[in-house]
1. Of the residues that make up region 38-54, is at least one buried (at least 17 other Cβ atoms within 10 Å of the Cβ) and among the acidic types (D, E)?
2. Could you count how many residues in region 117-131 are surrounded by fewer than 16 Cβ atoms within 10 Å (Cβ to Cβ) and under 24 Å from R27 (Cα atoms)?
3. If you check R104, R92, R87, which single one turns out to be over 16 Å from the mean Cα position of the chain (by Cα), basic (K, R) and surrounded by 15 or more Cβ atoms within 10 Å (Cβ to Cβ)?
4. Applying the selection to region 8-27, what residues are part of a helix (DSSP H, G or I) and β-branched (V, I, T)?
5. Go over the candidates A128, A101, A124, A84 one by one and state the one that is under 22 Å from D20 (Cα atoms) and not hydroxyl-bearing (S, T, Y).
6. Among the residues of region 107-116 satisfying the criterion of being of a type outside the set (D, E, K, R) and assigned to a strand (DSSP E or B), which is surrounded by the fewest Cβ atoms within 10 Å (Cβ to Cβ)?
7. Only one of (1) among the small types (G, A, S); (2) part of a loop (DSSP other than H, G, I, E, B); (3) without any contact (Cβ under 8 Å) to a residue 40 or more places away in the chain fails for G42. Which number is that?
8. Do any residues in region 8-28 that are free of Cβ contacts under 8 Å to residues at least 24 places away in the same chain have Cβ atoms under 8 Å from those of residues that are exposed (fewer than 15 other Cβ atoms within 10 Å of the Cβ) and not in a helix (DSSP H, G or I), where the two are at least six apart or on different chains, and which pairs are they?
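The values are calculated or read from the model by the stated rules, or taken from the named source; none is laboratory data. If you're wondering where the values come from, they're calculated on a predicted model, not measured in any experiment. Note that each Cβ is placed from the backbone with ideal geometry, even for glycine, and that neighbours are counted across all protein chains shown.
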Amino acid sequence: MTMQIRTGDTYDPRVVALLDHHVTAARAQTAPGSAHALDLAGLRAPDVAFWTGWDGETLVTTGALKMLSTSHGEVKSMHTHQTARRRGFGGRMLRHIITEARARGMTRLSLETGSWDYFKPAHALYLAHGFVLCGPFEGYVEDPNSLFLTLDLSAPARR
């Protein structure tokens, strides 16, 4: 598996199409009011770093890091194209985000994802990378449609 991770271009039509699919699918699989995916404007905010993963010239995955504070970040916009799943691209992007968060001095990385069956592969990915269940953070509220996970970045990196 080869993949090049690049700074995401939110004006590239291929990126826009994959993000649009991600937001549309997530909202379709989540109860109204419980979807928290960033739109393009959110990904362009100064407190968000956004990356894309490419297999040659084929866009396969996206991921973002939102800075909540100097010590706490949030994983956002993790999505792997349907045809590229189960090939390690999502895990590689997640490891990139974790590495970037550590490099920025963060000691905690958290995320919110849906609790429905559609999101079970994402749950497995995050748990395999050391994330553990936690309560709502940074403005989120308890919601049966959401799952909250966190990773202690002060612990040694997992291999």
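1. no
2. Final tally of qualifying residues: 6.
3. Being over 16 Å from the mean Cα position of the chain (by Cα), basic (K, R) and surrounded by 15 or more Cβ atoms within 10 Å (Cβ to Cβ) holds for just one of R104, R92, R87, which is R87.
4. The initial filter retains those residues of region 8-27 that are part of a helix (DSSP H, G or I), namely 13-27.
If the condition is that a residue be part of a helix (DSSP H, G or I) and β-branched (V, I, T), then V15, V16, V23, T24 are the ones that fit.
5. A84
6. Here the answer is S110.
7. Of everything listed in (1) among the small types (G, A, S); (2) part of a loop (DSSP other than H, G, I, E, B); (3) without any contact (Cβ under 8 Å) to a residue 40 or more places away in the chain, G42 misses just condition (2).
8. V23/D39
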